[in-house]
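Q: The structure that follows is given in the form of structure tokens.
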Amino acid sequence: MDAAIALFTADLRLRDNPVLRGAVRAGRRVVPLFVVDEDLAATGFAVPNRAAFLADCLADLDAGLRERGGRLVVRRGDVVEETCRVAAGTGAGEVHLAGGVSGFALRREERLRTALEADGRGLRVHDAVITAVAPGAVLPAGRDHFAVFTPYFRRWSAEALRPVADAPRALRVPEVRSEPLPSAAALTGRDAPLSPALPEGGERAGRRRFDAWRRGGLARYADRHDDLAGDATSRLSPYLHFGCLSPVELVTRARAAAGGGAGGPGEGAEAFVRQLAWRDFHHQLLAARPDASWHDYRPRHDRWHEDARELAAWREGRTGYPVVDAAMRQLAHEGWTHNRARLLAASFLTKSLYLDWRLGARHFLDLLVDGDVANNQLNWQWVAGTGSDTRPNRVLNPLTQARRFDPRGEYVRRWVPELRGVEGRAVHEPWRLPERDRGGYPEPVVDPGEEAGRFRRGRGLV
């Protein structure tokens, strides 16, 4: 075959990319293609924080391709129409694509296959590109997906991963028209405000971050990943969401570290692999139940409370519960927040305020650089009690959680400047302080001690 297309979507990397490798093997010439979809809102890239990160990723991808004699071809429009135009113009016989799990990705794949086949061309969909284990690769007897994580993890752990592939050494790209690499403003269509402390996007930035964290943080991950003030997590989620890093490679390297003998990362590496498995678990769940992106996975018939003032206080980080407000302010500032903080903020919205989980999920998607439909929505449902949690009535008490995971109050003082003068654990209960010591910090939106009252009454538990 003379030419093949590697259609990049959520796999913006050169190393260990079966899509690019498949196209290189299929054709003497390769078209590395990214289409800025005209329906960008449906792809999730129109959000300013993710658009800025995406612009970095595309620039980095193009630079890596140019080092190998190629370049990234950029088109704008309908992804199916533009891909077919490039295929016709270059004589490409095949298009290679990473398999997706969202309803949008599945519809795009079907439309592309139909259009290409009508023109005598083929679509090759590659699994285990966005996840370590492909959705549907491991199944329980008689069912189309695992609904509980623990049995899924056992099967997932026994699955053999494909070998990690090197990046191609050289590429030949045919002559084809390309638009300029897009800026964040070009992707969103406006100069929108960004979170002030966004991470740098791209494969090289992701690999630098992983290598540094692997040397200094992997061994301690099991003990410290819930330490809010310690900030000991990998912060790799944006790079996984955009496919700058391969989950197969991360699992492979972490497992190698875990088996490194005495004094090695051991338990930390195993705990990290478990988190990567959680990511795969949610992808296989969404692949089987695409409507779970916005509909209850396990309908509970909640009569959600409605209060615009409380919702605004939660979004702005002014609930009067410092650990919740710290989480929301970190989210606004960085476009990212600690996983434990996400759980606390989500539990407070859905269990303490008893507001619909979809309101929180939407706000997170508006800000998170790693805003992933599978992981964001299904984690929200897990917390809300409408998802895969086997204890759907679980309530994370914000004060108990704050004392456990921010015992000295350092995380709160970092993100809630009104309370920086309050020492020790007292920072978690500002309502007990004299008003002059609160720095204008608001009163709690729901009375302390009554945090789970609405939820329990709504569920008929009291």
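Q: Packing-wise, with mean Cβ within 10 Å as the measure, how do 369-382, 145-158 rank, highest first?
A: Most protected by this proxy first, the peptides run 369-382, 145-158.
Q: Rounded to the nearest 500, what is the chain's calculated 222 nm mean residue ellipticity when only DSSP H runs of at least 4 contribute -39500 (n - 2.57) each, over all residues?
A: -13000 deg cm²/dmol
Q: Nearest 10 degrees is fine. How inclined is helix 322-334 to the longest principal axis of the chain, computing both from alpha carbons?
A: Approximately 30 degrees, to the nearest 10.
Q: Same structure again: Pop the C-beta distance of E175 and T114 into the FRET formula with R0 = 25 Å and round what comes out to the nearest 0.05.
A: Numbers: r = 28 Å, r/R0 = 1.11.
Efficiency computed from Cβ-Cβ geometry: 0.35.
Q: List every residue whose amide H lies under 5 Å from the amide H of H126, counting only residues 5 or more places away in sequence or on a different chain, with H placed 1.01 Å from N in the peptide plane.
A: Close amide H contacts, sequence-distant or interchain: L97, A98, G99.
Q: Give me the one-decimal nm value for the distance between modelled label points at R154 and M1, 7 Å along each residue's Cα-to-Cβ direction.
A: 4.1 nm
Q: Further, regarding this structure: What residue among A212, L236, P444 has its Cα farthest toward the positive end of the dipole of the chain, where the charges are +1 on Lys, Arg and -1 on Asp, Glu, each on the Cβ?
A: A212
Q: In addition: Points 7 angstrom from Cα along the Cβ direction at W304 and R28: gap in nanometres?
A: Output for this residue pair reads 5.8 nm.
Q: Here's a follow-up. How large are Rg and Dmax for region 178-296 when only the alpha carbon atoms are used, in Å?
A: 17.3, 54
Q: Right, something else. Consider the candidate values (1) 44, 30, 19; (2) 36, 29, 21; (3) 40, 23, 23; state which one is semi-axes √(5λ) of the Cα gyration tensor in Å computed from the structure displayed.
A: The calculated read-out lines up with (3).
Q: What FRET efficiency comes out for the pair R425/A192, r = Cβ-Cβ distance, R0 = 41 Å, nearest 0.05?
A: E between R425 and A192, to the nearest 0.05, is 0.55.
Q: Given q = 0.08, 0.11 Å⁻¹, what are the Debye log10 I(q)/I(0) values for region 239-391, with equal point scatterers placed on the Cα positions and solvent ignored?
A: At q = 0.08, 0.11 Å⁻¹ the computed log10 ratios are -0.26, -0.49.
Q: Run the dipole for region 3-129 about the Cα centre, Lys and Arg Cβ at +1, Asp and Glu Cβ at -1, nothing else charged, and hand back the magnitude in debye, nearest 20.
A: With only Lys, Arg, Asp and Glu charged at Cβ, the dipole is about 460 debye.
Q: Would you please classify the overall shape of region 155-228 from the alpha carbon gyration tensor, given that a ≥ b ≥ c denote the square roots of the eigenvalues, rounded means a/c under 1.5, and beyond that prolate means a/b larger than b/c while oblate covers the rest?
A: Oblate.
Q: If the viscosity is 0.692 mPa s and the temperature 37 °C, what translational diffusion coefficient in µm²/s does Stokes-Einstein give for region 364-462 when Rh comes from Kirkwood over Cα pairs?
A: Values: Rh = 15.9 Å.
Reported coefficient: 206 µm²/s.
Q: Check R76: other-chain or 5+ apart residues with amide H under 5 Å from its amide H, H built from backbone geometry?
A: Amide H neighbours of R76, under 5 Å, 5+ apart: V36.
Q: Across all directions of projection, what mean area in square nanometres is found for the Cα convex hull of region 3-129?
A: 7.1 nm²
Q: For the chain, give me the percentage of DSSP beta bridges that are antiparallel, rounded to the nearest 5 percent.
A: Of those bridges, close to 0 percent are antiparallel.
Q: Here is a further query. Going toward the positive end of the dipole of region 3-129, with +1 on Lys and Arg Cβ and -1 on Asp and Glu Cβ, which of H96, A118, G64 do you reach last?
A: G64
Q: How far apart, in nm, are the 7 Å Cα→Cβ label points at R124 and A165?
A: Once both label points are built, they end up 0.8 nm from each other.
Q: For Cα pairs less than 8 Å apart in space and 6+ apart in sequence, what is the mean separation divided by the residue count of the chain, i.e. the relative contact order in percent? Before the final figure, lay out each step's value.
A: Values: 833 pairs, mean separation 79.1, N = 462.
Across the chain, relative contact order equals 17 percent.
Q: Can you work out D for region 99-192 in µm² s⁻¹ from Stokes-Einstein, where Rh is the Kirkwood radius over C-alpha pairs, the temperature is 37 °C and the viscosity is 0.692 mPa s?
A: Stokes-Einstein gives a translational diffusion coefficient of 185 µm²/s.
The numbers here are math on the coordinates, done by the rules we state, and not lab data. Remember, it's a predicted structure, so these values are computed and weren't measured experimentally. Cβ coordinates were reconstructed from backbone atoms using ideal geometry, including for glycine residues, and neighbour counts include every protein chain displayed.
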